Amino acid sequence: MFLSILKLFAGSHNRKFLRDCAPVVRRINAIEEEYQRLSDDALRAKTAEFRARHAKGESLDALLPEAFAAVKNAARRLCGSRKVVCEHEQVWEMVHFDVQLIGGIALHQGKIAEMATGEGKTLVATLPLYLNALSGRNCQLVTVNDYLARRDSQWMGHLLEWLGLTVGCIQNQMGSDERKAAYGCDITYGTASEFGFDYLRDNGMALSAEEQVQRDHHFCIVDEIDSVLIDEARTPLIISGPVAEEREPPYPRLRDDVAKLVDLQEKLVDRLLSELRTELGKLTEGAEPSQDAMDKLWLASHGIPRHPGLLRLKENGRLVKLLERHEGVLASEIEKDRRFHLKERLYFSINERNHEADLTQMGRDALRPGDLDAFVLPDLPTRFVELDRDASLTPERRAELRAEAEATYVRVSEEIHAIGQLLKAYTLYEADKQYVVQDGKVKIVDENTGRIMEGRRWSDGLHQAVESKEGVALEPENKTYATVTIQNYFRMYRKLAGMTGTAETEASEFHDIYRLPVVTIPTHRPCIRVDENDIVFKTRREKFEYAVKEIVEANRRGQPVLVGTASVEASEALSRLLTKNRVSHNVLNAKQHQREAEIIALAGQRGAVTIATNMAGRGTDIRLGEGVRELGGLYVLGTERHESRRVDRQLRGRCSRQGDPGRSRFLVSLEDDLMRLFSNAGIISSMLEKSFKEGEPLEHPLLNRSIGTAQKRVEGQNYSIRKRLLQYDDVLNQQRQIVYSVRNRALHSDEPRDTVLELVSEEVEDRLGPVFPEGGAPDVREATAFCDWFLTSFHLRLDPEELTCRTLEQSRELAVGKVRQFQAGRESHEPADMLRYLERHVVLRAVDRNWQNHLTEMEDLRRGVSLRSYAQKDPLNEYKSEAYKAFERLMRQLRNDVCTGIFRIATSMEALELMMRRAQGHVTASGPATESAPAAQAAPAAKPEPFRRVLPKIGRNAVVRIRKGPETLEMKWKKAESLVRDEGWELLETVSE
Ligand code: ADP
Ligand code: MG
């Protein structure tokens with residue numbers, strides 16, 4: 001009831017939008033007609049005119065009709081013109097249709113325009129891009145891959161550049177100069193990950209303002225927005241680099257043991273299943289299996305979830321239903337003990353839904369016979385108390401034993417973790433499904449598109465676990481330098497818009513997370529596609545046989561077929577069957593995606609058969625070849641229902657573009673993952689029992705609906721995973737913004753010293769707190785401690801009495817003033833621009849080092865809190881409060897690093913020495929105390945940072961003057977650099993840039 005009201009409402013919302021657009025479209029078309037009379041130059045001059053009017057305050061909304069008309073008219077003028085796009089010559093033959101104008105209005109208003117495949121969304125985007133670029137800000141268009149960014153920027157650039165705009169495109173292999181030039185254009189095309197990584201590099205890594213490439217997060221249109229913001233959003237963007245590993249990774253060492261354990265478990269499950277089959281065989285018609293039998297089934301599905309014998313048993317819908325019920329019973333609080341004891345009959349237990357693996361006592365015994373404590377975490381607190389109470393120990397021995405206990409703890413927890421990851425690698429990750437092995441590397445296959453995700457790695461050691469399983473070389477684990485989720489990246493834009501063929505099913509997510517409303521734009525011509533009912537088969541084998549039969553028949557007629565599969569493995573299996581039946585075909589999958597656009601473009605030709613793993617976000621439309629229309633157009637045959645309805649709709653939408661004929665059908669088997677995990681077994685099994693005979697497929701509208709329900713459940717689950725990820729990232733996101741703003745201030749300010757002194761001032765104030773307790777007299781001991789800290793950090797002396805006779809405020813002024821004055825004094829013997837460089841460097845280094853450590857800490861924390869959920873606490877809340885504390889520590893450490901860094905770094909060795917002498921002189925000159933601080937004291941008491949010669953950024957071909965002793969030389973920087981860095985030469989000045 002509520003849903004249908006919502007639908008009605010959404011429908012009326014949509015109708016209102018379309019109604020409001022109608023007069024605007026009429027106006028655009030009327031203006032466009034007038035423009036037809038203008039000369040080319042006069043039309044081109046419109047761009048400058050619009051820009052000037054906007055600069056004078058006319059709003060973009062007001063300019064919209066004229067601007068859209070100018071774009072449309074330019075498109076008209078270009079008809080018949082040629083342009084080479086991605087090495088192929090194209091002829092421009094497009095003038096915006098009315099529905100495309102409507103789509104353009106939606107995008108300008110920051111909405112998602114749902115427009116079917118082949119409606120020409122690429123062209124639609126030119127309208128709002130042109131309009132919004134009139135503001136002079138950088139407008140961006142996100143495509144799903146690099147190839148499309150290049151293609152679309154060149155093809156649409158033909159139109160936009162004619163109108164006088166500049167168009168750039170970001171490609172993966174580009175260096176920062178090229179990137180900067182591309183972002184400098186009015187309009188920039190590129191992929192979400194390139195944009196996101198550029199943001200991370202700009203804010204987390206760039207060492208000078210010139211190195212930053214992006215200039216704006218102003219207006220962004222995301223093409224195939226569902227694919228980008230929903231499918232890709234599950235993995236955050238991470239910039240990482242190798243860490244020096246302290247220990248050998250444990251995986252190779254544990255691999256054989258775990259393989260043996262998996263083997264044992266397989267045998268155990270074999271046995272359970274054979275007992276179960278016997279028992280079920282004896283069962284009279286209609287009787288329920290015993291609890292013991294259900295326990296066995298439960299054990300098998302938690303033992304080896306993808307055991308072939310188990311999958312075969314699960315073809316029986318009734319049994320699946322019973323298992324689900326049993327699962328529910330065992331999950332309850334009352335049955336906790338029984339569940340625990342049941343699990344202990346296995347070597348390990350796997351939870352397929354939650355992706356968890358757990359070793360049991362039996363498993364531990366099998367791994368390390370006789371060693372009761374193997375893989376059990378030592379109870380550290382108790383151990384520590386024991387050691388403290390043991391009076392027979394010397395302090396040294398006690399410390400030693402403590403360290404030992406800690407080391408054991410670390411080693412054991414590492415091993416437990418590694419075993420868990422290996423178990424998952426063996427039981428849940430299959431080659432050619434979740435990953436492929438190529439060139440001796442394990443590469444992740446994107447579940448949603450079937451493409452290889454080059455360079456991405458599973459985190460948390462899972463990748464190394466799979467590498468060990470496959471016997472390939474282990475790649476080093478990485479440390480995170482910077483990370484952001486796709487969601488939080490795109491939420492930075494002042495205005496966001498999107499286009500896709502399928503947004504409707506995810507409308508609520510777009511609304512909740514991005515505040516993006518979805519409007520459905522009608523098609524240019526009515527869609528006449530025929531969508532047939534799903535056909536359900538008992539087994540996968542039957543399903544594929546049927547698919548091959550259908551394909552062969554269509555192929556005989558000459559009708560092109562697009563076959564959708566759910567995995568690379570299924571594509572290959574189907575391909576083999578087709579080859580056996582002598583049907584020539586193309587396979588589009590993870591292993592050959594470079595050619596994909598070309599293959600797709602030909603998929604509508606007579607007699608073409610194309611197999612694809614998931615068509616979402618492919619971005620190329622399929623045109624029908626000659627005579628294909630008469631054969632009924634393209635036939636889309638899905639051989640499995642995807643987890644999400646949207647991906648299925650994408651596949652369907654590939655046929656019947658722009659009023660073409662076409663038909664679509666999905667085949668489903670009870671062995672499919674979706675059916676196994678989430679099907680509404682009730683309805684299906686009862687239907688099956690009545691009418692299911694081997695080889696006799698089922699077809700009924702009711703089945704479509706129950707499959708739809710299963711999909712909705714998976715979609716819901718995936719949405720909550722994404723939302724969860726976002727809730728966690730929101731915490732980090734606020735912190736990231738604070739840290740990045742400190743960093744950017746240091747980077748952009750002409751006076752980085754201001755940032756330094758600000759941080760110094762905050763730290764000083766923080767540390768003065770205890771000296772001036774609330775309502776009490778100044779604390780002398782605390783004042784002394786402060787002065788000690790001040791001396792070790794800055795080599796500058798303060799006396800406790802100087803503080804205790806002042807207020808906190810005055811003391812801070814005094815201390816910070818000393819630092820300010822001393823630093824200013826350095827300008828007399830160190831070049832001012834180099835000092836500025838150093839000051840900037842000190843802040844950046846402190847920010848980066850601490851932020852990166854913080855990221856690692858937060859990752860650990862996140863892993864840690866998920867364990868705490870056992871203690872009935874909400875892990876997210878735990879995470880938030882711990883994250884807050886960690887961030888406070890981070891900021892404190894950061895400020896402290898700046899304080900200690902600033903006077904430990906100089907432009908030359910002499911300058912450093914001079915500075916030290918000055919600091920001591922300072923002590924004697926200004927300090928009322930008689931004794932001067934000895935040199936040993938002036939040197940940092942805490943970990944001294946070694947003197948590092950930090951070199952300013954100088955162009956390699958710049959000529960510089962350098963000096964050593966009496967000798968002065970002039971030479972190019974590329975030669976001089978090593979002399980200055982390593983040979984003790986002093987850089988005097990830059991002679992020419
Ligand atoms: P979508 O992204 O919506 O699936 P595309 O932008 O790839 O669609 O365009 C599909 C095809 O339609 C392209 O080959 C394009 O040349 C063509 N097309 C788009 N708009 C027009 C138009 N106004 N007139 C003629 N052809 C058009
Ligand atoms: Mg497109």
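Taking a label point 7 Å from the Cα of ASP460 along the Cα→Cβ vector, which residues of the stretch 210-236 have an amide N closer than 16 Å to it? Label zone hits: 234-236.
Placing +1 on the Cβ of every Lys and Arg and -1 on the Cβ of every Asp and Glu, with nothing else charged, gives the stretch 785-892 a dipole about its Cα centre of roughly 280 debye.
On average over all directions, what projected area in square nanometres does the stretch 314-435 have, based on the convex hull of its Cα atoms?
Working: hull surface 46.2 nm².
Directional mean of the projected Cα hull area for the stretch 314-435 stands at 11.5 nm².
Provide the FRET efficiency to the nearest 0.05 for the GLU49-LYS479 pair, computing r from the beta carbons and using R0 = 35 Å. Efficiency for this residue pair is about 0.10.
Backbone geometry of the stretch 840-849 corresponds, through the Karplus equation with coefficients 6.51, -1.76 and 1.60 at θ = phi - 60°, to 3J(HN,Hα) couplings of 4, 4, 4, 5, 4, 5, 5, 5, 5, 4 Hz, x marking Gly and Pro.
For the chain, averaging the sequence separation of C-alpha pairs within contact (under 8 Å, six or more residues apart) and dividing by the residue count gives a relative contact order of 10 percent.
Under a model in which nothing but the beta-carbon of Lys, Arg (+1) and Asp, Glu (-1) is charged, the stretch 45-196 shows a dipole of about 320 debye around its Cα centre. The stretch between HIS417 and CYS805 holds 134.0 nm of extra length on full extension. This uses 0.36 nm per residue minus the Cα-Cα distance. Shape descriptor for the stretch 740-781: Rg over Rh equals 1.24 (Cα atoms; Rh from the Kirkwood inverse mean 1/r). The average projected area of the stretch 244-303, computed from the convex hull of its Cα atoms over all directions, is 5.7 nm².
Placing a label point 7 Å from the Cα of LYS495 along the Cα-to-Cβ direction, the residues of the stretch 108-126 whose backbone N falls under 13 Å from that point are 108-112.
If you bin all the Cα-Cα distances of the stretch 65-205 at 10 Å, starting from zero, the percentages per bin are 11, 42, 35, 10, 1. Put the Cα centre of the stretch 377-414 next to the Cα centre of the stretch 872-912 and the gap is 29 Å.
Contour minus end-to-end for LEU914 and ALA785, with contour as 0.36 nm per residue of separation and end-to-end as the Cα-Cα distance? Present the calculation step by step, with values, prior to reporting the outcome.
On the way: separation 129, 0.36 × 129 = 46.44 nm, distance 2.70 nm.
Separation in residues times 0.36 nm, less the Cα-Cα distance, equals 43.7 nm.
Along the Cα-to-C-beta direction of ARG271, a point sits 7 Å from the Cα; which residues of the stretch 290-315 have their amide N less than 17 Å from that point? Inside the label zone: 293, 295-304. Rg/Rh, computed from the Cα trace of the stretch 234-363 with Rh as the Kirkwood radius, has the value 1.09. The angle between the Cα long axis of helix 875-902 and the longest principal axis of the Cα atoms of the chain comes to about 40 degrees, rounded to the nearest 10.
Were the residues from ALA391 through HIS355 laid out at 0.36 nm apart, the gain over their Cα-Cα distance would be 8.2 nm.
Measuring how big the chain is from its alpha-carbon positions, Rg and Dmax come out at 34.0, 106 Å. Over the stretch 531-665, all Cα pairs binned in 5 Å intervals from 0 give whole-percent P(r) values of 2, 11, 23, 26, 23, 12, 3, 0, listed from short to long. Relative to its Kirkwood radius, the Cα radius of gyration of the stretch 286-380 gives an Rg/Rh of 1.03. Taken one residue at a time, the phi angles of the stretch 740-753 give Karplus couplings (6.51, -1.76, 1.60, θ = phi - 60°) of 5, 6, 4, 4, 5, 5, 5, 6, 8, 5, 6, 10, x, 4 Hz. Gly and Pro are set to x. A dipole drawn for the chain from +1 and -1 charges on Cβ atoms has a positive end, and of THR610, THR382, SER332 the residue lying farthest that way is THR610. Rounded, prolate or oblate: pick one for the stretch 186-276, where a ≥ b ≥ c are the square roots of the eigenvalues of its C-alpha gyration tensor, a/c under 1.5 means rounded, and failing that, prolate if a/b is larger than b/c, else oblate. Judged from the Cα gyration tensor, the stretch 186-276 comes out oblate (a/c at least 1.5, b/c at or above a/b).
Projected onto their three principal axes, the Cα atoms of the stretch 128-223 cover extents of 37, 27, 20 Å, largest first. Put simply, the amide H of THR613, placed in the peptide plane, has neighbours under 5 Å in THR565, LEU588, leaving out anything fewer than 5 places away on its chain. Once you reduce the stretch 711-725 and the stretch 756-792 to the center of their Cα atoms, the two points are 50 Å from each other.
Please state the charge dipole magnitude for the stretch 492-636, taken about the Cα centre, from unit charges on C-beta atoms (+1 on K and R, -1 on D and E), reported in debye and rounded to the nearest 20. Provide the component values of the computation, followed by the final result.
Values: 21 positive and 18 negative charges, 80 e Å.
With Lys and Arg at +1 and Asp and Glu at -1, about 380 debye.
Using the Karplus relation 6.51 cos²θ - 1.76 cosθ + 1.60 with θ = phi - 60°, the per-residue 3J(HN,Hα) values for the stretch 285-301 come to 3, x, 6, 8, x, 5, 4, 4, 5, 5, 4, 5, 4, 4, 4, 4, 6 Hz, with x marking Gly and Pro. Placing pseudo-labels 7 Å out from each Cα toward the beta carbon at LEU814 and GLN438 gives an inter-label distance of 6.8 nm. Computed on the stretch 293-350, with alpha-carbon pairs under 8 angstrom and 6+ residues apart, the relative contact order is 50 percent. Only helices enter the 222 nm calculation for the chain: every DSSP H run of n ≥ 4 contributes -39,500 (n - 2.57), and dividing by all residues gives -18000 deg cm²/dmol, rounded to 500.
No lab work stands behind these numbers, since they all come straight from the coordinates. Remember, predicted model here, so these are calculated numbers, not experimental data. Counting neighbours? That spans all protein chains shown, and the Cβs are built from the backbone with ideal geometry, glycine included.
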